Amino acid sequence: MRDGRERRTPPTPTGAPDRVLTGTFAKDHERRYAHVPFEVPAGLHQLHVRYAYNDQIDSDPLITGGNTLDIGVFDERGIAESSPGFRGWSGSEKMDVTIDEAWATPPYRKGKIGAGTWHVLLGPYKVGPRGCEWKVEIWFDPGLPAPQQTYLAGTGHNPSLPAKRPGWLRGDLHCHTLFSDGDSWPVEMLEAASAAGLDFLGVTDHNNVAHHASYGPGGRGQPIVIPGVEVTTYGGHWNAWGTDRWWEFREPRAEAVERTMRAAAASGAVVSINHPKPFGPPWEYAIDGGFHTVEVWNGPWQRLNRAALDRWDELLRRGVRSPAVGGSDTHYLRVGDVPARDADSLGTPTTWVHAEATVPSILAALKEGRSFVSESPLGPQVYLDPDPGHAGRVSVEVRDGSGAALQLLGDRGMLASFRIDGPSWDATFDVLRGTRFVRAQLMSPAGDVRALTNPIWAERL
């Protein structure tokens with residue numbers, strides 16, 4: 001749960017529950033999942049699960065002193081890693097969940113209600129000083145109707161964006177819907193991305209891929225959908241784009257997380273560390289492998305993204321060649337009572353890629369670093385290239401960056417700085433011999449990053 005707003009009330013049963021499960025988590029169980037079994041008889045068509053716990057607080061890392069308890073469900077097919085019995089996980093976002101043969105509360109999967117041993121997955125993300133006393137109630141065949149879905153009105157595509165270089169695409173790689181802790185449906189998120197002028201949208205609800213079917217492939221006048229998932233562990237979050245399955249999130253040890261990331265990468269997914277900065281939530285793992293990219297810019301720049309950029313710079317200096325990406329982490333389109341820290345907007349920041357308008361081509365560009373990140377779909381745009389006619393020289397072009405300062409940086413710090421004095425600016429620069437890489441970033445007069453490129457490594461200079 002990302003804020004304290006009142007949520008839409010789902011239909012709930014009126015009679016007594018058929019199963020009641022209770023227990024307590026002490027502080028030493030914090031951030032460790034438990035699987036609580038219950039028996040399901042044959043012949044059912046619907047389950048409803050409700051849970052409650054004491055001293056409930058928000059999942060916001062800044063809030064402490066109480067309890068945050070996450071929930072998920074596995075059916076009779078088991079709880080093993082990659083089990084087809086995983087029916088969904090909703091964090092602490094939804095206190096009532098219905099799973100029906102024909103429909104389910106997002107992000108849970110509809111389908112057969114098989115007889116046998118099911119499990120409620122409980123994750124005490126935070127345990128307060130009084131402990132976490134919990135109760136789970138389960139109803140068999142309560143006969144609840146599927147809730148009616150309402151949608152925001154579309155606003156159409158934004159035609160007034162600055163021109164970009166041929167072959168480049170604008171996109172956002174990180175967003176959430178009602179299939180995790182967002183407030184809108186995938187169709188609404190895709191429409192909002194279209195209105196922002198994005199060419200592609202990475203869709204990354206937490207710990208499930210049920211949102212993929214609701215998004216569809218995109219295209220045909222709307223952004224291309226990059227199917228993904230934000231794997232949400234208790235030591236950090238990571239995105240996998242280009243995947244159609246859930247990945248293990250229950251084991252928070254670094255070696256288990258790295259093993260899962262490597263498995264996702266081996267399957268063809270592009271793997272990215274998310275928001276490695278304070279209160280991101282942070283990335284707590286000392287892992288140098290298993291991922292392709294690093295999300296160095298999450299939401300508006302002022303939200304502690306300098307810490308993520310510094311961490312990425314440290315990786316580059318150690319020779320870890322993981323390109324930078326950005327994502328807005330948008331959760332809310334139905335604005336009004338959203339806390340300031342959650343008031344994100346699609347395309348803030350925007351990741352630009354040099355690719356064809358297909359999912360495989362965009363994924364390849366992300367892995368290879370054929371990309372840069374800027375503050376919005378409006379730019380500014382920064383293109384950094386090796387000079388094909390002169391070894392050791394780079395060319396840089398800046399569009400819509402008037403008044404900013406362009407910095408060229410290498411493994412030993414600042415190489416050069418230039419004042420951008422117009423809407424279109426370009427120059428060449430000879431890189432000192434022995435420089436291991438060079439990258440560029442555009443700085444505002446206030447010292448905020450407005451755009452940044454990926455590095456060019458020495459062998460390409």
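Selection over region 234-249 of residues that are in a strand (DSSP E or B) and open to solvent by less than 10 Å² (accessible area, probe 1.4 Å) gives a count of 5. Which residues, taken from region 30-67, are farther than 18 Å from Glu137 by Cα, among the β-branched types (Val, Ile, Thr) and surrounded by 14 or more Cβ atoms within 10 Å (Cβ to Cβ)? Listed by number, the list holds a single entry, Ile57. Pick from region 176-200 the residues that are over 15 Å from the mean Cα position of the chain (by Cα) and open to solvent by 20 Å² or more (accessible area, probe 1.4 Å): which of them is farthest from Leu333 (Cα to Cα)? The residue in question is Asp199.
Considering region 409-425 alone, what residues qualify as being more than 13 Å from Glu397 (Cα to Cα), part of a loop (DSSP other than H, G, I, E, B) and open to solvent by 50 Å² or more (accessible area, probe 1.4 Å)? Residue satisfying the conditions is Arg412 alone. Being within 33 Å of the chain's Cα centre (by Cα) and under 21 Å from Asp329 (Cβ atoms): is that true of Thr358 here? The answer is no for Thr358.
Any residue at all in region 306-328 that's in contact with a Cys (Cβ under 7 Å, 6 or more places away or on another chain) and either of a type in the set (Lys, Arg) or open to solvent by less than 10 Å² (accessible area, probe 1.4 Å) (or both)? Yes, because at least one residue in region 306-328 is in contact with a Cys (Cβ under 7 Å, 6 or more places away or on another chain) and either of a type in the set (Lys, Arg) or open to solvent by less than 10 Å² (accessible area, probe 1.4 Å) (or both). I'm checking my understanding of the structure. Among residues of region 441-461 that are among the small types (Gly, Ala, Ser) and open to solvent by less than 50 Å² (accessible area, probe 1.4 Å), which one is nearest to the chain's Cα centre (by Cα)? Ranking the candidates gives Ala451 first. Within the option set Asp400, Asp426, being touching a residue at least 24 places away in the same chain (Cβ under 8 Å) and closer than 23 Å to Gly326 by Cβ holds for one residue only, Asp400.
For the structure I just gave you, tell me whether Pro129 is farther than 22 Å from His29 by Cα, in a loop (DSSP other than H, G, I, E, B), open to solvent by 10 Å² or more (accessible area, probe 1.4 Å) and at pLDDT 95 or above. No. Of all the numbered requirements in (1) buried (at least 23 other Cβ atoms within 10 Å of the Cβ); (2) more than 14 Å from the chain's Cα centre (by Cα), Pro349 misses one, and that requirement is (2). Taken together, Asp58, Asp28 contain a single residue that is of a type in the set (D, E, K, R), out of contact with any strand residue (DSSP E or B) (no Cβ under 9 Å at 6 or more places or on another chain) and not in a strand (DSSP E or B), which is Asp28.
Of the residues making up region 258-272, those that are under 15 Å from Val294 (Cβ atoms) and either in a helix (DSSP H, G or I) or open to solvent by 10 Å² or more (accessible area, probe 1.4 Å) (or both) are Glu258, Met261, Ala265. Of all residue pairs spaced 6 or more apart or on separate chains, those with beta-carbon atoms under 6 Å, a first member in region 263-283 that is over 24 Å from Leu304 (Cβ atoms) and a second member that is assigned to a helix (DSSP H, G or I) are Val270/Leu363; Val270/Leu366; Val270/Lys367. When residues in region 379-402 are screened for being at negative phi, touching a strand residue (DSSP E or B) at 6+ places or on another chain (Cβ under 7 Å), assigned to a loop (DSSP other than H, G, I, E, B) and open to solvent by 10 Å² or more (accessible area, probe 1.4 Å), 1 of them pass. For region 430-440, state whether one or more residues are open to solvent by 20 Å² or more (accessible area, probe 1.4 Å) and in a strand (DSSP E or B). Yes: region 430-440 contains one or more residues that are open to solvent by 20 Å² or more (accessible area, probe 1.4 Å) and in a strand (DSSP E or B). Criterion applied to Asp70, Asp55, Asp18 was being free of Cβ contacts under 8 Å to residues at least 60 places away in the same chain and over 17 Å from Ala146 (Cβ atoms), and the one residue passing it is Asp70. Every condition in (1) more than 21 Å from Ala365 (Cβ to Cβ); (2) in contact with a strand residue (DSSP E or B) (Cβ under 9 Å, 6 or more places away or on another chain); (3) not in a strand (DSSP E or B); (4) not acidic (Asp, Glu) holds for Val231 except the one numbered (3). Does Thr98 satisfy the criteria of being of a type in the set (S, T, N, Q), open to solvent by less than 10 Å² (accessible area, probe 1.4 Å) and either in a loop (DSSP other than H, G, I, E, B) or touching a Leu at 6+ places or on another chain (Cβ under 9 Å) (or both)? Yes: the conditions hold for Thr98.
Collect the residues in region 201-230 that are in contact with an Asp or Glu (Cβ under 8 Å, 6 or more places away or on another chain) and open to solvent by less than 10 Å² (accessible area, probe 1.4 Å), keeping them in residue-number order. Within region 201-230, Leu201, Gly202, Thr204, Asp205, Asn207, His211, Pro223, Val229, Glu230 meet the criteria.
Restricting to region 68-95, and then to whatever is out of contact with any Phe, Trp or Tyr (no Cβ under 6 Å at 6 or more places or on another chain) and among the basic types (Lys, Arg), can you tell me which residue is surrounded by the most Cβ atoms within 10 Å (Cβ to Cβ)? Filtering first and then ranking leaves Lys94. Would region 332-344 turn up any residue that is in contact with a strand residue (DSSP E or B) (Cβ under 7 Å, 6 or more places away or on another chain) and either among the acidic types (Asp, Glu) or not in a helix (DSSP H, G or I) (or both)? Taking every residue of region 332-344 in turn, at least one turns out to be in contact with a strand residue (DSSP E or B) (Cβ under 7 Å, 6 or more places away or on another chain) and either among the acidic types (Asp, Glu) or not in a helix (DSSP H, G or I) (or both).
The values are calculated or read from the model by the stated rules, or taken from the named source; none is laboratory data. Predicted model, so just to flag it, every value in this text is computed and none were measured. Reconstructed Cβ throughout: ideal geometry from the backbone, glycine too, with neighbour counts over all protein chains shown. Quick note on the areas: whole protein, heavy atoms, side chains included, nothing else; ligands and nucleic acids left out. Shrake-Rupley method; radii C 1.70, N 1.55, O 1.52, S 1.80 Å.
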